[in-house]
Amino acid sequence: MVKIGNLELGDFPLLLAPMEDVSDPPFRAVCKQNGADLMYTEFISSEGLIRDAAKSVQKLDIFDYEKPIGIQIFGNEIQSMREAAAIVEEAQPDILDINYGCPVNKVACKGAGAGILLDIDKMVSMTAEIVKAVKIPVTVKTRLGWDNDTIRIVEVAERLQDVGIQAISIHARTRKQMYKGEADWSYLNLVKDNPRLHIPVFGNGDIDTPERAAEYKAKYNVDGMMIGRASIGYPWIFNEIKHFLETGEKLAPPTLDERIAVAKKHLDFSVEWKGEKLGILEMRRHYTNYFRGMPNFKQYRTEMVTTESYEQVCEILDEVARTYADYEFSL
Ligand SMILES: Cc1cc2nc3c(=O)[nH]c(=O)nc-3n(C[C@H](O)[C@H](O)[C@H](O)COP(=O)(O)O)c2cc1C
């Protein structure tokens with residue numbers, strides 16, 4: 001049984017990765033329904049929280065049915081991160097997660113996110129202060145290092161454990177790699193081989209099929225896996241992986257009715273949550289995967305990602321339901 005503090009997460013939990021503009025309440029609702037064992041919010045700026053910025057504060061909204069859930073924060077100032085942590089705790093998540101992995105310039109080049117991998121001592125003291133500031137378990141999400149010459153993930157995991165974090169998720173790329181090349185999970189073995197390390201270690205990077213999940217589970221000895229991009233528009237990935245790990249067999253892919261029902265639920269919640277304009281816009285990245293593998297779908301996809309009207313998306317979904325009524329998805 002994998003545990004973070006008192007939270008029991010089953011034998012090999014599958015985590016929904018924190019993803020800006022993706023892992024919001026509407027998307028989390030469909031991931032939860034499809035087997036995600038632990039979910040994280042989008043990252044929240046500590047400075048934004050302290051300033052009470054609307055965008056940051058809205059990301060604190062979590063619902064009982066989502067539990068267990070972690071709220072993730074980022075920032076480069078220890079004092080601001082402490083204050084933000086206290087604000088997060090008031091929202092009553094199960095976990096507070098610290099983002100030490102974001103590679104984008106405007107975050108990392110200011111010393112937040114993956115930027116802190118250039119100053120491990122500061123990373124350790126910041127973490128220690130945050131752990132002291134809250135009662136809920138603190139977890140960390142990070143990368144292997146800044147670049148190939150600065151990979152110190154074994155030491156980092158141990159030092160962060162020693163100042164009180166209760167789990168670590170490792171995206172097995174460096175900051176320099178951004179999202180390019182393959183994630184190198186062999187470092188996860190090294191982290192797990194450290195006899196002093198007892199907190200759960202979750203592997204992250206490139207898990208996109210049940211087969212790959214099974215292969216990496218067998219090879220890399222991690223306590224669970226975190227899934228990001230492969231879940232976008234395909235929340236079924238969680239249950240598909242679980243089923244394959246348990247039985248060695250693949251679940252039948254979701255039917256057209258399921259795809260449409262889940263896409264519609266996601267769309268409705270999105271529009272309700274963010275308003276029509278933004279709700280429609282942020283749904284666009286999901287459609288390709290919701291309807292993955294369907295022949296001659298390009299025309300519908302193009303329509304879906306260009307319209308700005310809720311009614312029109314619903315009409316397109318109805319038309320898709322009629323056109324592909326007899327289509328069978330193969331494994
Ligand atoms: C659109 C997008 C937004 C992301 N936002 C965050 C974020 O807010 N916090 C974070 O820790 N990682 C973020 N990430 C990184 C993912 O959590 C994950 O580490 C990365 O995508 C690798 O996992 P994957 O190969 O399963 O996608 C983001 C990734 C993507 C694609």
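The values are calculated or read from the model by the stated rules, or taken from the named source; none is laboratory data. Computed from a prediction, not measured in an experiment: that's the story for all the values here. When we count neighbours, we look across all protein chains shown, and the Cβ atoms used for this are built from the backbone with ideal geometry, even at glycine.
Things to note:
- Residues (more than 10 Å from the chain's Cα centre (by Cα), among the hydrophobic types (A, V, I, L, M, F, W, C) and assigned to a loop (DSSP other than H, G, I, E, B)) located in the stretch 15-35: none
- Of the candidates N221, N189, the single residue that is touching a Lys or Arg at 6+ places or on another chain (Cβ under 7 Å), away from the ligand (no atom under 13 Å from the Cβ) and more than 30 Å from P26 (Cβ to Cβ) is N221.
- The residue list K110, K32 contains one member that is charged (D, E, K, R), buried (at least 19 other Cβ atoms within 10 Å of the Cβ), without any contact (Cβ under 8 Å) to a residue 40 or more places away in the chain and away from the ligand (no atom under 15 Å from the Cβ), which is K32.
- Single residue of L49, L60 found to be within 16 Å of the ligand (Cβ to nearest atom), surrounded by 16 or more Cβ atoms within 10 Å (Cβ to Cβ), over 11 Å from the mean Cα position of the chain (by Cα) and in a helix (DSSP H, G or I): L49
- Every test in (1) in a helix (DSSP H, G or I); (2) under 30 Å from L331 (Cα atoms); (3) among the charged types (D, E, K, R) is passed by K122 save one, and that test is (2).
- Look at the stretch 269-282: where a residue is closer than 13 Å to V22 by Cβ and a partner is surrounded by fewer than 13 Cβ atoms within 10 Å (Cβ to Cβ), sitting 6+ places away or on another chain with Cβ atoms under 7 Å, you get E282/D21.
- Among residues of the stretch 197-219 that are farther than 15 Å from P13 by Cα, those with a Cβ under 7 angstrom from a residue that is of a type in the set (G, A, S) and within 11 Å of the ligand (Cβ to nearest atom), sequence gap 6+ or separate chain, pair up as G205/A172; G205/A183; D206/A183; D208/A230.
- Qualifying residue in the stretch 183-206 (condition: closer than 22 Å to S23 by Cα and among the hydroxyl-bearing types (S, T, Y)): no
- All positions within the stretch 119-172 that are polar (S, T, N, Q) and within 22 Å of Y40 (Cβ to Cβ): T127, T139, T142, Q161, Q166, S169
- Pairs where the first residue, in the stretch 303-326, is closer than 14 Å to D268 by Cα and the second is outside any loop (DSSP other than H, G, I, E, B) and of a type in the set (D, E), C-beta under 6 Å, 6+ apart: Y310/E276
- One residue alone among R173, R159, R229 is assigned by TED's automatic domain parsing to the domain that holds Q72 and away from the ligand (no atom under 16 Å from the Cβ), and that residue is R159.
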